[in-house]
Amino acid sequence: MQILQDKKIVLGITGGIAAYKIPELVRRLKDHGADVRVVMTEGAKAFITPLTLQAVSGNHVADSLLDSQAELAMGHIELAKWADLIIIAPATADIIARITAGMANDLLSTLCLATSAPIAIAPAMNQQMWHAKATQENINTLLQRGVHVWGPGAGEQACGDIGLGRLLEVSELVTLSCDFFAEKFLQGQHWVITAGPTREAIDPVRYISNHSSGKMGYAIANAALNAGAQVTLISGPVNITAPVGCDLIQVISAEQMHKQALTCAPQATTFVACAAVADYRVADIASEKIKKDSENMQLSLVKNHDIVADVAKLVKKPFMVGFAAETQNVEHYARGKLKRKNLDLIAANDVAKSGQGFNSDNNALTLYSAIDKIELPLANKHIIAKQLVNLINQHYLAKDTK
Ligand code: PMT
């Protein structure tokens, strides 16, 4: 069965340049089995015509609260009751402000007030407007009310600015819609995930670190959240946004990550160590910037605690998943770490291959347990993360509860 089979989606379009992408979104949602009814604001019609949306959705497009003909066909209260989910994409700063204020001055805002269905908004606006205090306060209020906020993405904007405020890609919106209706098989579970690099200070301006971007760990956090888990994400310094709904704990050094991991892990059902933790730290961090007085310089390093190995020593040990970033003898080293660190599963990535691993959007993993070897071929990290979470559930967690 298609994942959106028989799901009734009201898709609200507001007046932003990204509205031109919405016919494609409608088509993709329909491909997955959804019945889509489009509601447009006056602003949206400046960017795209109702006729286009009617053609791709196969349904009448509603655009007015005071249209007696449309009310005869399916009144606004009926439409609000019909929906399993209301998605607003693109959601301008204006509609975000209006639904936060509880206004009902057009069809879309009225539907949001009149529905008991969940609402998801996909913001799209200029980056300054997104960062404006008013918008951020509105978003926080909506999040507290349980509205789902999908995006925005970062990058170049129609106005030439660069930053946060782009509508997520259509494929991402479709994935989020499917995930929304997916089975919440991790309900009641608590996943603690480490992600990103650590930084080990040398002096007040320099540090030792690595190329981890946090993308893999954040994608796992996202996948676990979508499957219904409570997620604590312990992250080193990265430039990406944590998935909405996780409990984010930001750290800098391996020792800080170690402390937070050991505080959170006793409550966890699964612990995933995706962080690229520095194995060593500087023995004596200089209190002042080190001067270039001599040709050579030596740093004395001491070994950091092994975070995942220490969590695996807990009396009430969660299901333990480690990662192994290797450039050679991948299976040999990964299996060594699996055993030495007392893990249940290790996800090995060959970081010598280009286009995967550190700082890439893609990855390929081989999972090793004491008895299994499972390949997850090269794919976007969000896909890999979803596969990993599904596999952990099907092969290990669900088995334990049988
Ligand atoms: O962040 P991205 O750019 O998306 O890149 C993803 C990734 C390549 C960083 C990720 O897929 C990955 O492989 N993470 C683990 C990297 C690593 O440090 O591997 P390792 O082989 O050195 O460590 C083995 C395991 O022990 C890992 O689970 C690591 O988190 C853990 N460890 C290591 C040292 C330490 N002091 N404490 C630990 O917990």
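The values are calculated or read from the model by the stated rules, or taken from the named source; none is laboratory data. What you see is a predicted model, and the numbers here were worked out from it, not measured in a lab. Note that each Cβ is placed from the backbone with ideal geometry, even for glycine, and that neighbours are counted across all protein chains shown. For the accessible areas, the whole protein counts, side chains as well, though only heavy atoms, and no ligand, DNA or RNA atoms are used. Shrake-Rupley method; radii C 1.70, N 1.55, O 1.52, S 1.80 Å.
Do we have any residue at all in the range 297-306 that's among the basic types (Lys, Arg), within 16 Å of the ligand (Cβ to nearest atom) and part of a loop (DSSP other than H, G, I, E, B)? The answer is no, given that none of the residues of the range 297-306 is among the basic types (Lys, Arg), within 16 Å of the ligand (Cβ to nearest atom) and part of a loop (DSSP other than H, G, I, E, B). Of all the numbered requirements in (1) open to solvent by 50 Å² or more (accessible area, probe 1.4 Å); (2) under 26 Å from ASP179 (Cβ atoms); (3) more than 13 Å from the ligand (Cβ to nearest atom), PRO318 misses one, and that requirement is (1).
Scanning the range 88-119 for residues that are surrounded by fewer than 19 Cβ atoms within 10 Å (Cβ to Cβ) and in a loop (DSSP other than H, G, I, E, B) returns GLY102, MET103, ALA104, ASN105, SER116, ALA117, PRO118.
The lone criterion from (1) of a type in the set (Gly, Ala, Ser); (2) at pLDDT 95 or above; (3) within 18 Å of SER213 (Cα to Cα) left unmet by SER360 is number (2).
Mind listing just one residue for me: the one in the range 191-204 that is open to solvent by 10 Å² or more (accessible area, probe 1.4 Å) and either assigned by TED's automatic domain parsing to the domain that holds ARG145 or of a type in the set (A, V, I, L, M) (or both) and, of those, farthest from the ligand (Cβ to nearest atom)?
ILE202
In the range 205-225, the residues that are assigned by TED's automatic domain parsing to the domain that holds VAL238 and part of a helix (DSSP H, G or I) form Cβ pairs under 6 Å with partners that are among the basic types (Lys, Arg) and open to solvent by 50 Å² or more (accessible area, probe 1.4 Å), at six or more places apart or across chains, as follows: ALA223/LYS386. Exactly one residue among ILE240, ILE234 is in a loop (DSSP other than H, G, I, E, B), within 21 Å of ALA385 (Cα to Cα), within 11 Å of the ligand (Cβ to nearest atom) and of a type in the set (A, V, I, L, M), and that residue is ILE240. Going through (1) in contact with a strand residue (DSSP E or B) (Cβ under 7 Å, 6 or more places away or on another chain); (2) within 25 Å of LYS21 (Cα to Cα); (3) not assigned by TED's automatic domain parsing to the domain that holds PRO23 one by one, GLY151 falls short only on (3).
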